[in-house]
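The values are calculated or read from the model by the stated rules, or taken from the named source; none is laboratory data. Nothing here was measured: the structure is a model prediction, and the numbers come from that model. Positions of Cβ are generated from backbone atoms using ideal geometry, with glycine treated the same way; all protein chains shown enter the neighbour counts.
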Amino acid sequence: MIINEIFYSLQGEGALAGVPSVFIRLAGCPLRCKWCDTKYAWPPDSGREHTVGQILSEIEQYPTDHVVVTGGEPITNCELPVLLNGLSDANKHITIETSGIAFVTSLPCDLMSISPKLSNSTPGDPALADEHEESRYNKTALQQLINTYDYQLKFVVDAPTDLDEIAQSIGELENINPYKIYLMPQATTIQEYLSKSQMVAAICKQTGFAMSQRLQVMLWNSQKGK
Ligand code: SF4
């Protein structure tokens, strides 16, 4: 399978923020979020071919059992189950970072970390916007992921007006545990993160949802491989 990058860092977001983790970034994403900080992983061929054995031997050098499979968009990668089975056989704790645009059954996964994409992610380029709007939000797939896996929902907040869309999304879904919902500032730089944090904090106090850190922004300014 084509791997964009493998690196060792701290999980930056959600319930496991701060946990040392190995990140396996798969190549390819069908979405084109305007604030995406991993655009270099969009093309399906943006990486090097690896066997599962090569991946396992590379990640074994790091002193953690936590593995984060990310992208790109890993859930639409047809080779994902093979990778996850290998990681599971090696007794890794597996987090999958996904936008939740598709459902795949029977994946070895300890935490399905879902970040549904709101309209604030729609690219400005009209040629990209239509396709993005059609595919960025799949309510049926989201519900199936939530029903099937241990999960967390992470919403990226760019402005206070995003709260209406978040409330609508949560209202449409069933069996949601509010303590598994996180709001986090849309930011790819430290300055942007700090400028929006008070706004998100106020929304969290208003709604009772937790505010998620984004350590990769705060500590490393979204630097690649950190
Ligand atoms: S889903 Fe994730 S990887 Fe894909 S474009 Fe959006 S932010 Fe980037």
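Below, the figures for the structure above:
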quantity: Residue that is more than 12 Å from the ligand (Cβ to nearest atom), at pLDDT below 95 and either in a helix (DSSP H, G or I) or surrounded by 21 or more Cβ atoms within 10 Å (Cβ to Cβ) (or both), where the choices are GLU58, GLU133; calculated: GLU133
quantity: Sole exception among (1) in a strand (DSSP E or B); (2) aliphatic (A, V, I, L, M); (3) closer than 22 Å to ARG136 by Cβ; (4) in contact with a Gly (Cβ under 9 Å, 6 or more places away or on another chain) for ILE75, by number; calculated: (1)
quantity: One residue from ILE94, ILE114 being under 15 Å from the mean Cα position of the chain (by Cα) and farther than 16 Å from ALA141 by Cβ; calculated: ILE94
quantity: Whichever residue in segment 97-124 is on the phi < 0 side of the Ramachandran plot, away from the ligand (no atom under 12 Å from the Cβ) and without any contact (Cβ under 8 Å) to a residue 40 or more places away in the chain and, among such residues, is surrounded by the fewest Cβ atoms within 10 Å (Cβ to Cβ); calculated: PRO108
quantity: Criterion: within 13 Å of the chain's Cα centre (by Cα) and surrounded by fewer than 19 Cβ atoms within 10 Å (Cβ to Cβ) - qualifying residue of ASP89, ASP45, ASP37; calculated: ASP37
quantity: Segment 2-34, residues that are in a loop (DSSP other than H, G, I, E, B) and surrounded by 18 or more Cβ atoms within 10 Å (Cβ to Cβ); calculated: GLN11, GLY12, GLU13, ALA27, GLY28, CYS29, LEU31, ARG32, CYS33
quantity: Filtered residue count, segment 189-218, keeping only those that are outside any helix (DSSP H, G or I), surrounded by fewer than 17 Cβ atoms within 10 Å (Cβ to Cβ) and among the polar types (S, T, N, Q); calculated: 1
